[in-house]
Amino acid sequence: MSSTVEVEPGAASESILVTTESFENFEQMSSSLEEIKNTNAISQSEESNDNTHNEHFEETSNSLESCNEDDNDLEHNKEWTSKRKHVFVLSSAGKPIYSRYGNEDRLAWLFGVMQTLVSFVQYDDDCIKSIHAGDTHFVFLVKKPLILVAVSKTQESVFQLSSQLNYVFNQITSMLTLTRLNKIYEQRQNYDLRRLLSGVERLIDHLIDFSETEPSFTLGANLVFAILLANNKLITLVRMKKYCLHPADLHLIFNLVQSSESFKNSESWTPLCLPRFDPSGFLYGHVSYLSEDCQACLLLLTVERDVFFTLSEAKQRIVEKLRRGNCLEAINESLNTKDETCNGAGFPELRHYLYKCKSTAQFYQPKISPPYTLTRQHLIDIYKRAHQRLHCNTRPLKLVFERSPKEAILAWDTKGFELYVVFEPLIDTTSAISLIGSLLNWIKKGGKAFGNEVK
Amino acid sequence: MTSSYRPNLMPNVMLLGDSGVGKTCILMRFRDGLFLCGNFISTVGVDFRTKVVSVDNTKVKLQIWDTAGQERFRSVTHAYYRDAHALLLLYDVTNKTSFDNIRAWLGEIREYAQDDVVIMLLGNKADCGSERAVRREEGERLAREYNVAFMETSAKSGQNVELAFVAVARELKFRQNGQQDCNKFNVQDYVREQTQKSQCPPCTT
């Protein structure tokens with residue numbers, strides 16, 4: 001890893017994030033709760049507390065945002081059929097579990113069709129991945145014991161859609177654990193899972209909106225056990241030495257904190273399964289906001305079910321310590337500082353860019369400026385398309401320069417980083433390349449963007 | 001004035017009941033005097049809050065666990081049952097199912113909680129008017145059957161909310177002083193007396 005440090009602006013010598021791009025296979029989970037329980041039976045909570053004091057502070061900044069869309073009913077309704085992206089979840093037996101729009105019960109026939117398609121192909125020992133009809137993609141993700149389906153008119157690729165479905169699957173697992181989910185269906189194939197998932201629809205809705213509007217989902221960028229976040233930005237995280245969190249799990253945590261009003265008024269204690277970490281069991285989280293005068297959210301995750309008070313005290317100590325070190329002020333200050341636009345950072349020729357440092361799995365983007373302030377989704381779509389061009393399985397590209405009537409985009413995949421830059425449509429390639437050179441230099445020098453790397 | 005303050009009087013009180021019966025709302029009304037109108041805030045896991053109440057010059061610091069009603073959180077809530085000194089068990093008077101589930105809740109309580117735990121049954125949303133689906137007498141009858149205290153409450157109007165918590169605090173304080181056996185204080189009688197006295201909600205808002 002250290003050999004790449006020079007090439008990648010913003011890189012750290014050691015990463016605490018799992019940096020794999022793969023979204024598949026629970027088999028390759030990074031850890032085992034049993035193992036942690038055994039090796040740390042005695043000092044789990046102290047450990048996480050100790051870590052706070054002396055080691056491994058890493059900082060990242062990601063701005064996450066989401067928009068809510070109106071819910072709609074009625075299946076023959078024009079509005080329902082014209083939605084950009086539908087998402088459905090059903091059991092292997094075809095029982096409705098979730099529909100992004102409209103009531104699942106009224107769509108029973110549709111779930112029946114989906115289940116039939118899946119089992120028809122399975123009959124030949126094959127697995128249905130997608131169907132394409134005009135601009136509409138039907139993407140299937142068959143993950144026992146569930147079937148997830150996306151029907152999309154967006155330009156997103158099959159890979160991108162199925163990774164979103166994977167997030168939805170993980171969200172469900174995160175509420176129940178995979179072990180329990182499997183057990184339920186082993187015992188009763190016809191089980192109505194909605195019983196156990198009441199309230200989770202909200203989280204899934206939010207997660208899908210989130211994954212549509214947030215670049216870090218596309219980039220697979222972001223990582224553990226004491227996590228401090230605010231306004232959807234990770235401030236710091238502290239972990240036990242051996243264990244890492246996958247960005248996909250962190251996104252679930254962001255999603256949970258962002259969509260749970262109840263955390264704001266009290267200390268909470270909640271079970272949480274992080275499917276990429278270990279899908280078989282729960283971690284238990286102490287969730288609280290630091291203080292009245294600092295609205296950062298602190299999560300302390302442990303494997304013990306009944307150590308609420310231990311962690312509650314740990315939290316008090318952490319807050320005192322941060323307060324003595326004037327850290328609360330520093331956090332508030334940086335929360336109040338807005339990211340700079342490209343123009344503000346001295347690159348008026350750039351409209352916007354995404355920079356992902358591979359070794360840390362972190363990314364940076366400047367504040368969105370016109371002409372995209374009102375068409376954020378358009379910008380995200382451009383990035384998704386470019387990302388797909390670089391990572392397409394059949395013909396991956398290293399460098400893409402594409403000009404359209406509205407803008408020009410340059411996408412570049414290197415060993416150490418990925419960069420996506422959006423320009424004015426009329427820019428010529430020579431100036432584009434020289435601008436990118438100076439942008440990378442600026443990032444390398446630490447620019448404002450990465451000024452908060454290590455404190 | 002703090003001469004009678006006892007640091008050891010910090011009882012754990014748990015709020016239980018189906019999802020959506022108003023556990024968090026009751027607590028918000030009691031603790032902050034607020035009612036969250038029309039906003040459904042779903043509790044995730046268990047929330048912890050404290051509030052100090054005075055019982056005859058003794059300060060009792062209630063440590064209140066507000067639990068999520070959904071079935072999938074039962075394993076976490078069970079872990080905290082055994083430390084609870086008092087349980088406020090809620091149903092929604094406009095939702096018959098939540099009332100029917102009370103027997104199952106009492107079964108769980110018997111299984112996981114301490115034998116001497118103080119239990120109070122609360123029929124919430126008593127301000128509902130014509131939407132009512134559970135009559136007051138039905139609540140009373142069930143409470144009598146299980147020998148637990150009962151009252152109807154409204155987080156919206158504030159009716160009996162303070163009383164529910166204070167009654168529990170009072171009972172726990174008397175037990176602490178070892179006066180439980182000689183029947184000097186009985187939470188059920190107290191509740192009966194107090195609810196009759198204040199038919200109109202206390203003007204705390």
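The values are calculated or read from the model by the stated rules, or taken from the named source; none is laboratory data. Nothing here was measured: the structure is a model prediction, and the numbers come from that model. Note that each Cβ is placed from the backbone with ideal geometry, even for glycine, and that neighbours are counted across all protein chains shown. Each accessible area value is taken on the protein alone, full model and side chains, heavy atoms only, with ligands, DNA and RNA left out. Shrake-Rupley method; radii C 1.70, N 1.55, O 1.52, S 1.80 Å.
Within the option set B:Val60, B:Val52, B:Val76, being more than 10 Å from chain A (Cβ to nearest Cβ), open to solvent by less than 10 Å² (accessible area, probe 1.4 Å), more than 26 Å from B:Val134 (Cβ to Cβ) and in contact with a strand residue (DSSP E or B) (Cβ under 9 Å, 6 or more places away or on another chain) holds for one residue only, B:Val60. Tell me, please, whether a residue that is in a loop (DSSP other than H, G, I, E, B) and more than 27 Å from A:Phe263 (Cα to Cα) can be found in the range B:78-87. No: the range B:78-87 contains no residue that is in a loop (DSSP other than H, G, I, E, B) and more than 27 Å from A:Phe263 (Cα to Cα).
Looking across the range A:302-315 at every residue that is within 12 Å of chain B (Cβ to nearest Cβ) and open to solvent by less than 10 Å² (accessible area, probe 1.4 Å), the one that is farthest from A:Lys183 (Cα to Cα) is identified as A:Leu311. Test B:Met10 against the criterion of being out of contact with any strand residue (DSSP E or B) (no Cβ under 6 Å at 6 or more places or on another chain) and either at pLDDT below 90 or within 9 Å of chain A (Cβ to nearest Cβ) (or both), and give yes or no. No; evaluated as a whole, the condition is false for this residue. Just wondering, is there one or more residues in the range B:157-164 that are open to solvent by 50 Å² or more (accessible area, probe 1.4 Å), modelled with pLDDT of 80 or more and either more than 22 Å from B:Asn101 (Cα to Cα) or in contact with a Gly (Cβ under 6 Å, 6 or more places away or on another chain) (or both)? Yes, the range B:157-164 contains at least one residue that is open to solvent by 50 Å² or more (accessible area, probe 1.4 Å), modelled with pLDDT of 80 or more and either more than 22 Å from B:Asn101 (Cα to Cα) or in contact with a Gly (Cβ under 6 Å, 6 or more places away or on another chain) (or both). Screening A:Ser359 with (1) within 28 Å of the chain's Cα centre (by Cα); (2) more than 14 Å from chain B (Cβ to nearest Cβ); (3) among the small types (Gly, Ala, Ser); (4) surrounded by fewer than 22 Cβ atoms within 10 Å (Cβ to Cβ) gives one miss only, at (4).
Rundown of residues vs (1) open to solvent by less than 20 Å² (accessible area, probe 1.4 Å); (2) within 14 Å of another protein chain (Cβ to nearest Cβ); (3) closer than 19 Å to B:Asp47 by Cα, yes/no style:
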site: A:Glu267; (1), (2), (3): no, yes, yes
site: A:Leu283; (1), (2), (3): yes, yes, yes
site: A:Asp293; (1), (2), (3): no, no, no
site: A:Leu300; (1), (2), (3): yes, yes, yes
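Which residue out of A:Thr177, A:Thr136, A:Thr173 is loosely packed, with under 15 Cβ neighbours inside 10 Å and not assigned by TED's automatic domain parsing to the domain that holds A:Leu274? Spell out how you get there, then give the answer.
On the way: A:Thr177 fails: loosely packed, with under 15 Cβ neighbours inside 10 Å; A:Thr173 fails: loosely packed, with under 15 Cβ neighbours inside 10 Å.
Checking each option against the conditions leaves just A:Thr136.
Suppose the filter is in contact with a strand residue (DSSP E or B) (Cβ under 9 Å, 6 or more places away or on another chain) and modelled with pLDDT of 85 or more; does A:Pro371 pass it?
Working: in contact with a strand residue (DSSP E or B) (Cβ under 9 Å, 6 or more places away or on another chain): yes; modelled with pLDDT of 85 or more: yes.
The answer is yes for A:Pro371.
Here B:Phe35 qualifies as more than 9 Å from chain A (Cβ to nearest Cβ), within 25 Å of B:Ser157 (Cα to Cα), of a type in the set (Phe, Trp, Tyr) and in a loop (DSSP other than H, G, I, E, B). Of B:Ala164, B:Ala133, all but one fail to be closer than 23 Å to B:Ser42 by Cβ and outside any loop (DSSP other than H, G, I, E, B); the exception is B:Ala164. Determine whether the range B:101-112 contains at least one residue that is under 11 Å from B:Met14 (Cβ atoms) and either within 14 Å of another protein chain (Cβ to nearest Cβ) or not in a helix (DSSP H, G or I) (or both). Yes; the residues of the range B:101-112 include at least one that is under 11 Å from B:Met14 (Cβ atoms) and either within 14 Å of another protein chain (Cβ to nearest Cβ) or not in a helix (DSSP H, G or I) (or both).
Residues of the range A:156-188 being acidic (Asp, Glu) and assigned to a helix (DSSP H, G or I), which ones?
Here is the first cut: in the range A:156-188, the residues acidic (Asp, Glu) are A:156, A:186.
A:Glu186, the sole residue that qualifies.
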